[in-house]
Amino acid sequence: MDRRPEGGHCSRLTTGTGIETDPVFSPDGTKIAFTGEYDGNTDVFVIPAIGGVPKRLTYHPAADSAVGWTPDSKYVIFRSNRESTSRYSKLFKLSLDGGLPTALPLPMAFSGKFSTDGKYFAYSPVGGASQFSYSNYVAWRNYRGGLASSVWIVDMETLDVVKVPRDRSNDFNPVWVDKQVYFLRTATGRYRYSVLIRPPKL
């Protein structure tokens, strides 16, 4: 049976002169947050999913990168080292209406996703394989050093953390499906999906 997708019409949403990366749909499907390198700086922008004029959300001189959304689609989650004292980053949330961002209560984080009810957050403390670069880390999937990526799940009320067991692997890009977390793992020499048991209290 031929399972190839039928395809469809693609529409270009942005026409900026800078580099645009990390597009993330809002949970309600109406907006897309992305990272834009415009005017010599890297910031977070939001654009309607049907296209339009991008709205700039961050203005800090440090590089800000889009990561995700809160479940209500009212806040964008982004990564920045604006408050870091070394080579690590933290995650912040920022209202679509603007204002000052608020750091998530995590000492360090590179990427992550909220559960649909907002009670839990699955994240990777460091970038690891999710910041893979063919020009710099051609054998990253075999990396076993201190930057090896892992997946943690935190209860946003108690801040209790469950660390997903791993053995000589890079685990990254966690996403929620119902009450389970799926993520990418490089343990077998190729990317594959793995399923995690339900966190406590779920």
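The values are calculated or read from the model by the stated rules, or taken from the named source; none is laboratory data. This structure is a prediction, so every number in the text was calculated from the model and none was measured. We place every Cβ from the backbone using ideal geometry, glycine too, and count neighbours over all the protein chains shown.
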### Query
Taking the stretch 1-52 only, how many residues are under 13 Å from Ala63 (Cβ atoms) and touching a strand residue (DSSP E or B) at 6+ places or on another chain (Cβ under 7 Å)?
10
### Extreme residue, modelled with the lowest pLDDT, among residues of the stretch 120-173 that are within 22 Å of Phe78 (Cβ to Cβ) and polar (S, T, N, Q)
Ser133
### Query
How many residues does the stretch 55-88 hold that are surrounded by 14 or more Cβ atoms within 10 Å (Cβ to Cβ), outside any strand (DSSP E or B) and touching a residue at least 24 places away in the same chain (Cβ under 8 Å)?
6
### Message
Restricting to the stretch 10-26, count the residues that are modelled with pLDDT of 95 or more and touching a Ser or Thr at 6+ places or on another chain (Cβ under 8 Å).
### Response
1
### Query
Of (1) surrounded by fewer than 21 Cβ atoms within 10 Å (Cβ to Cβ); (2) at pLDDT 95 or above; (3) closer than 30 Å to Ser169 by Cβ; (4) not basic (Lys, Arg), Ala33 satisfies all except one. Which?
(1)
### Query
Scanning the stretch 89-98 for residues that are part of a loop (DSSP other than H, G, I, E, B) and either under 24 Å from Gly29 (Cβ atoms) or in contact with a Cys (Cβ under 8 Å, 6 or more places away or on another chain) (or both), which turns out modelled with the highest pLDDT?
Leu96
